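The values are calculated or read from the model by the stated rules, or taken from the named source; none is laboratory data. This structure is a prediction, so every number in the text was calculated from the model and none was measured. With ideal geometry, Cβ positions are generated from the backbone for all residues, glycine too; neighbour counts draw on all protein chains shown.
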Amino acid sequence: MNGALILDRLLDGESQAKVRQAAERAGLRQAAPGERPQVVVAGLAPGERNLPSAVAAAAEPGLPVILLSQDALVQPVVLLAGGRLLLVPAHVDVEALAEHLRLVTRPGQPPPRAQVHLRSRRWAATRIGESSLVGTEGSLSGVIAAASLAAVARDVAHIAGVGDPATAAKLLPGVLAKGGAWAAAAVLDPGHGQWTLAWIGATSLLVAAPLRLPAVWRPVAPAAGATGRVLEAQRGDVVLLSGPLPGDPAFADAALGAAAHQGCSVLIGHLVEHGDRLGIPIDALVVEVL
């Protein structure tokens, strides 16, 4: 097992236990005195805006740092210092924290199909491959695109911040047109109980929900151009955005819906498993209303 330097004195009791559980799941142990760890994990006190001196000293050799912030963040994961410093909310769940630890302790990676899990009290989200998620406690936006992903994701996040689903439905198609042959976006506003969905090209967009009829369905895009739609958000909704999927039974609506009804992480796991079986990379993200 590899070592993680866990600075207990900068973590409350609940966070200490969570970090140790996450480290164990990630195959890490507490670094021994004098041993060079692979990552430093600590807490950031309310109102603190500087890197704690103990963390700065421990991370001086260029080690990655994960800080559990007691203050609200602009999104569930904030990357600073060229990706060396990772800020996550103190209420991050154990599995998400374990995934962050796995990613930062694999130099030169994450691998293309690494899963990233984000969570708030109102939604859970998972992504793999070339996709983007930006979220706060109040809302979440997710984007996939064949090209210009970063620029499209930035514009979608800006539109999501307006907080008006009708306006977002009008503006998103124009933004997605910059994303190449295919692109899709999902904006979840749980406070107002609404999804805004937009798509263009051969992207795969699927909605699965136990409270809807049918329980699994795909919005149908017009033959040309992009379109947007506002949809009521209900607890249990799972929305999948992905690049074009192969015509394999594993990617049929029935198979995807069965996985989706078990939650976003199960659906992503299904995509990864069958993508690996077929030897194809899959770009996808899944958002679930809690």
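Looking only at region 151-168, filter to residues that are touching a residue at least 24 places away in the same chain (Cβ under 8 Å) and in a helix (DSSP H, G or I); which one of those is farthest from Gln194 (Cα to Cα)? Checked region 151-168; the qualifying residue farthest from Gln194 (Cα to Cα) is Ala151. Screening Glu273, Glu288 for residues that are touching a helix residue (DSSP H, G or I) at 6+ places or on another chain (Cβ under 7 Å) and either of a type in the set (D, E, K, R) or modelled with pLDDT of 90 or more (or both) leaves exactly one candidate, Glu288.
For region 124-147, the candidate set comprises residues that are crowded, with 24+ Cβ neighbours inside 10 Å and within 17 Å of Gln194 (Cβ to Cβ); within that set, the residue that is modelled with the lowest pLDDT is Gly135. Scanning region 81-123 for residues being modelled with pLDDT of 70 or more and in a helix (DSSP H, G or I) gives a total of 12.
Out of contact with any Phe, Trp or Tyr (no Cβ under 8 Å at 6 or more places or on another chain) and under 19 Å from Arg127 (Cα atoms): which single residue out of Thr203, Thr196, Thr167 fits that description? Going through Thr203, Thr196, Thr167 in turn, just one is out of contact with any Phe, Trp or Tyr (no Cβ under 8 Å at 6 or more places or on another chain) and under 19 Å from Arg127 (Cα atoms): Thr196. Taken over region 49-80, the residue count meeting the criterion of being assigned to a loop (DSSP other than H, G, I, E, B) and of a type in the set (A, V, I, L, M, F, W, C) is 7. Residues that are of a type outside the set (Ser, Thr, Tyr) and surrounded by 21 or more Cβ atoms within 10 Å (Cβ to Cβ) number at least 2 in the following strands (runs of 3 or more DSSP E) confined to region 198-290: 204-208, 238-242, 284-289.
Residues of region 20-48 that are in contact with a helix residue (DSSP H, G or I) (Cβ under 7 Å, 6 or more places away or on another chain) and either in a loop (DSSP other than H, G, I, E, B) or crowded, with 20+ Cβ neighbours inside 10 Å (or both): Ala22, Ala23, Ala26, Leu28, Val39, Val40, Val41, Ala42, Gly43.
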